[in-house]
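**Student:** Quick one: this structure, given as structure tokens, is what I'll be asking you about.
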Amino acid sequence: QVQLVESGGGLVQAGGSLRLSCAASGSIFRLNAMGWYRQVPGKQRELVATTTSGGSTNYADSVKGRFTISRDNAKKTVYLQMNSLKPEDTAVYHCNADVLIAFTARPLNAWGQGTLVAVAS
């Protein structure tokens with residue numbers, strides 16, 4: 001199986017910064033697209049940023065210019081650098097990855113449990 005474990009969330013003042021990490025482990029042949037999504041209770045999960053295995057990136061309009069997604073393929077880890085945080089960025093942030101399973105090359109879309117980011121005004 002595949003596990004995604006997020007870290008780096010916490011409480012920060014508006015205008016501050018946080019860096020989230022998500023490490024993938026398990027029976028992985030290849031990691032394809034990886035990304036970050038966030039969810040507020042009572043609302044749908046929304047895309048924050050994604051990155052392909054080649055390093056192409058995509059961002060939600062609400063975070064462009066403030067957040068940067070990056071990845072270290074050797075470490076099977078994706079990062080989200082969040083600057084100029086706003087109270088409306090408060091959410092549980094989930095890591096997502098498209099994976100090819102080892103030995104079978106079966107595709108799998110995996111989710112992490114999430115890490116809470118709280119931004120105080």
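The values are calculated or read from the model by the stated rules, or taken from the named source; none is laboratory data. What you see is a predicted model; the values in this text were computed from it and never measured. Neighbour counts run over all protein chains shown; Cβ positions are idealised from the backbone, glycine included. Side chains are part of the model used for accessible areas, which takes the heavy atoms of the whole protein and leaves out ligands, DNA and RNA. Shrake-Rupley method; radii C 1.70, N 1.55, O 1.52, S 1.80 Å.
**Student:** If you average the sequence gap of Cα pairs under 8 Å that are 6 or more apart and divide by the length of the chain, what percent do you get for the contact order?
**Tutor:** Relative contact order, the chain: 36 percent.
**Student:** When ligands, DNA and RNA are left out and all protein chains stay put, how many square angstrom of accessible area per residue does the chain have with a 1.4 Å probe?
**Tutor:** Accessible surface, normalised per residue, equals 53 Å².
**Student:** Could you check what % of the DSSP bridge pairs in the chain are antiparallel, to the nearest 5? Don't skip to the answer; put the middle values down first.
**Tutor:** On the way: 43 of 47 bridges.
Of all bridge pairs located within the chain, approximately 90 percent are antiparallel.
**Student:** So which aspartates and glutamates pass the test for residue 76, namely a Cα distance under 18 Å, with those fewer than 8 places away in the same chain ruled out?
**Tutor:** Reachable aspartates and glutamates: 6, 98.
**Student:** Would you mind putting 115-121, 99-105, 33-39, 20-26 in packing order, based on average other-beta-carbon counts within 10 Å, highest first?
**Tutor:** 33-39, 20-26, 115-121, 99-105
**Student:** I've got another one for you. Computed over the Cα atoms of the chain, what is the ratio Rg over Rh, Rh following Kirkwood?
**Tutor:** Reported Rg/Rh, Kirkwood definition of Rh: 0.98.
**Student:** Compute the signed sum of charges (Lys and Arg +1, Asp and Glu -1) over the other residues within less than 12 Å, Cβ to Cβ, of residue 22. Let's see the in-between values first.
**Tutor:** Numbers: positive: 19, 71, 75, 76; negative: 6, 72.
Surrounding charge for residue 22 is +2.
**Student:** List the residues of the stretch 80-121 whose backbone N lies under 18 Å from a point placed 7 Å from the Cα of residue 52 along the Cα-to-Cβ direction.
**Tutor:** 97-100
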